[in-house]
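Engineer: This is the structure I have questions about; it appears just below.
The values are calculated or read from the model by the stated rules, or taken from the named source; none is laboratory data. Just so we're clear, the structure is a prediction, and the values are computed from it rather than from any experiment. All Cβ positions, even for glycine, are placed from backbone atoms using ideal geometry, and neighbour counts span all protein chains on display.
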Amino acid sequence: MIIALVGLCALAIDIGYLMVAKTQLQQSADAAALAGCAELIDNEAITGTASLTDEIVSARALAVQFAALNKVCQAAPSVNDNAANSSSGDVVVGQLTYPFSADQSMDCSQPNSFNSVQVTVKRTATSNGEVNLFFGKLFGFQSRPLLASATAALVTNVGGFRMPGNGANLELLPFALDIDTWNALLWGSVTTDNWRWDAVGERVLAGSDGIREINLYPQGTGSPGNRGTVDIGGSNNSTADIARQIIDGVSPADMAHFPNSELKLDANGELFLNGDTGISDGVKDELASIIGKPRIIPIFESVVAPGNNATYTIVAFSGIRILEVVLTGKQTKKRVIIQPALVNAKGGIPAGGPQSSYYTYSKPWLVR
């Protein structure tokens, strides 16, 4: 009986040790996948030269680094960066169009759309060595192979918004920009670049930064008496409501006016919002108070009916920052100058179809 009990104890110790090793392997894979995925945000896109080439290289390097920082059985695991992006490699970078689907395969054919990183950390005979056993050797078992895999993803194509789980308000501005002006900026027809945002000093300075600028204040929307303001919440929002949303963001009470408290494009890629009388000098101080802060605006394709009766057809969302606010004086001199900006789209709902957002992204999270 003593021999049997000793054998069972030895087995329990080895199994426990293997479970600890497995947990540490998973932690290493989780950390590596999250660190790598966080790099897949295209910083060059806002200058009009979209490319994830540098970010993909950096994602691989960080995945390797963070895997090693999380030791397994007191040893730093080595992970191959898999520069060729083989589907069986340790670090695989690709695209998950709908990260919430557990059985979706990763697409590695379009590098500029990559939004996910899969990391596999191994303790095998050919990679980092198998996990040694303490008492298994008495029964002819020297070691056992183990591996763990994790996949992290982020959303880069947002089709709408719901309230974030942490209770924060949505950083949406109730001002829409027409798609023709937006496309002119994207395609380079707009060349204005008079301002730059100094992130260190948190201030706007004169001078070029390679990021083009446009005027959010429209000189005409096609709707008489309406100048680009939309109701996010109840219809006919007051100036006080608009001012609150500028400073504090869109609240749960605002979102409760929409089905399931979700503000999102429909199956046709459209969202219909009521119009208001427009950006006025009544909110100039509020707009000036958020200069430089990343925000999200709707992009509209068309607008019908005048004034408070206007209906905007929203087809996209974009990240921006305000650089200058002038809402007094002649109508033609009024302006709210904005430039594209990368924005963490809190509460973002991924779009399942064509591109419906620009410069917006979610934080990376573990999907597998």
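Engineer: Can you run down the residue pairs with Cβ atoms below 7 Å, 6 or more apart or on separate chains, where the first is in the stretch 279-307 and of a type in the set (D, E, K, R) and the partner is part of a helix (DSSP H, G or I)?
Structural biologist: GLU286/ALA243; GLU286/ILE246; GLU286/ILE247; GLU301/ILE179
Engineer: Read through the list (1) free of Cβ contacts under 8 Å to residues at least 12 places away in the same chain; (2) on the phi > 0 side of the Ramachandran plot; (3) under 23 Å from the mean Cα position of the chain (by Cα), then give the number of the only condition that THR49 fails.
Structural biologist: (2)
Engineer: Assigned to a loop (DSSP other than H, G, I, E, B), within 30 Å of TRP197 (Cα to Cα), of a type in the set (Gly, Ala, Ser) and in contact (Cβ under 8 Å) with a residue 40 or more places away in the chain - does that describe any residue in the stretch 78-97?
Structural biologist: no
Engineer: Another question, then. If I go through the stretch 318-359 residue by residue, how many of them are surrounded by fewer than 20 Cβ atoms within 10 Å (Cβ to Cβ) and small (Gly, Ala, Ser)?
Structural biologist: 3
Engineer: Here are some conditions: (1) surrounded by fewer than 21 Cβ atoms within 10 Å (Cβ to Cβ); (2) in contact with an Asp or Glu (Cβ under 8 Å, 6 or more places away or on another chain). MET255 meets all but one. Which one does it not meet?
Structural biologist: For MET255, the exception is condition (1).
Engineer: Looking at (1) closer than 24 Å to ILE242 by Cβ; (2) more than 18 Å from the chain's Cα centre (by Cα); (3) assigned to a loop (DSSP other than H, G, I, E, B), which is the only condition PRO164 fails?
Structural biologist: It is condition (2) that PRO164 fails.
One line per residue, one yes/no per condition, for (1) more than 24 Å from ARG144 (Cβ to Cβ); (2) without any contact (Cβ under 8 Å) to a residue 12 or more places away in the chain; (3) part of a helix (DSSP H, G or I):
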site: ALA12; (1), (2), (3): no, yes, yes
site: ASP30; (1), (2), (3): no, no, yes
site: PHE66; (1), (2), (3): yes, no, yes
site: PHE100; (1), (2), (3): yes, no, no
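Engineer: Scanning for something farther than 25 Å from PHE272 by Cα, among the aliphatic types (A, V, I, L, M), assigned by TED's automatic domain parsing to the domain that holds ASP241 and in contact with a helix residue (DSSP H, G or I) (Cβ under 8 Å, 6 or more places away or on another chain), does the stretch 178-200 turn up at least one residue?
Structural biologist: Within the stretch 178-200, one or more residues are farther than 25 Å from PHE272 by Cα, among the aliphatic types (A, V, I, L, M), assigned by TED's automatic domain parsing to the domain that holds ASP241 and in contact with a helix residue (DSSP H, G or I) (Cβ under 8 Å, 6 or more places away or on another chain).
Engineer: Are any residues in the stretch 70-91 surrounded by 13 or more Cβ atoms within 10 Å (Cβ to Cβ) and either under 27 Å from the mean Cα position of the chain (by Cα) or under 13 Å from CYS108 (Cα atoms) (or both), and if so, which ones?
Structural biologist: Residues satisfying the conditions are ASN70, VAL79, ASN80, ASP81, ASN82, ASN85, GLY89, ASP90, VAL91.
Engineer: Let me ask you something else. Among what's in the stretch 318-330 and is out of contact with any helix residue (DSSP H, G or I) (no Cβ under 8 Å at 6 or more places or on another chain) and touching a residue at least 60 places away in the same chain (Cβ under 8 Å), pick the residue that is farthest from GLN355 (Cα to Cα).
Structural biologist: Among those that are out of contact with any helix residue (DSSP H, G or I) (no Cβ under 8 Å at 6 or more places or on another chain) and touching a residue at least 60 places away in the same chain (Cβ under 8 Å), it is GLU324.
Engineer: Surrounded by fewer than 18 Cβ atoms within 10 Å (Cβ to Cβ) and either assigned to a loop (DSSP other than H, G, I, E, B) or assigned by TED's automatic domain parsing to the domain that holds LEU216 (or both): is that true of ASN237 in this structure?
Structural biologist: No.
Engineer: Would you be able to tell me the number of residues in the stretch 130-175 that are farther than 30 Å from LYS293 by Cα, at pLDDT below 90 and either of a type outside the set (Lys, Arg) or assigned by TED's automatic domain parsing to the domain that holds LEU271 (or both)?
Structural biologist: Total meeting the criteria: 13.
Engineer: OK, next. Which condition from (1) modelled with pLDDT under 85; (2) of a type outside the set (Val, Ile, Thr); (3) surrounded by 13 or more Cβ atoms within 10 Å (Cβ to Cβ) is the one that LEU216 breaks?
Structural biologist: Evaluating LEU216 over (1) modelled with pLDDT under 85; (2) of a type outside the set (Val, Ile, Thr); (3) surrounded by 13 or more Cβ atoms within 10 Å (Cβ to Cβ) leaves (1) as the failure.
Engineer: Being part of a strand (DSSP E or B) and either crowded, with 19+ Cβ neighbours inside 10 Å or among the hydroxyl-bearing types (Ser, Thr, Tyr) (or both), is that true of even one residue in the stretch 276-294?
Structural biologist: Looking for residues that are part of a strand (DSSP E or B) and either crowded, with 19+ Cβ neighbours inside 10 Å or among the hydroxyl-bearing types (Ser, Thr, Tyr) (or both), one finds none in the stretch 276-294, hence no.
Engineer: Cβ-Cβ below 7 Å, separation at least six or inter-chain, first residue in the stretch 198-217 and in contact (Cβ under 8 Å) with a residue 12 or more places away in the chain, second surrounded by fewer than 11 Cβ atoms within 10 Å (Cβ to Cβ) and of a type in the set (Ser, Thr, Tyr): which pairs?
Structural biologist: ARG212/THR191
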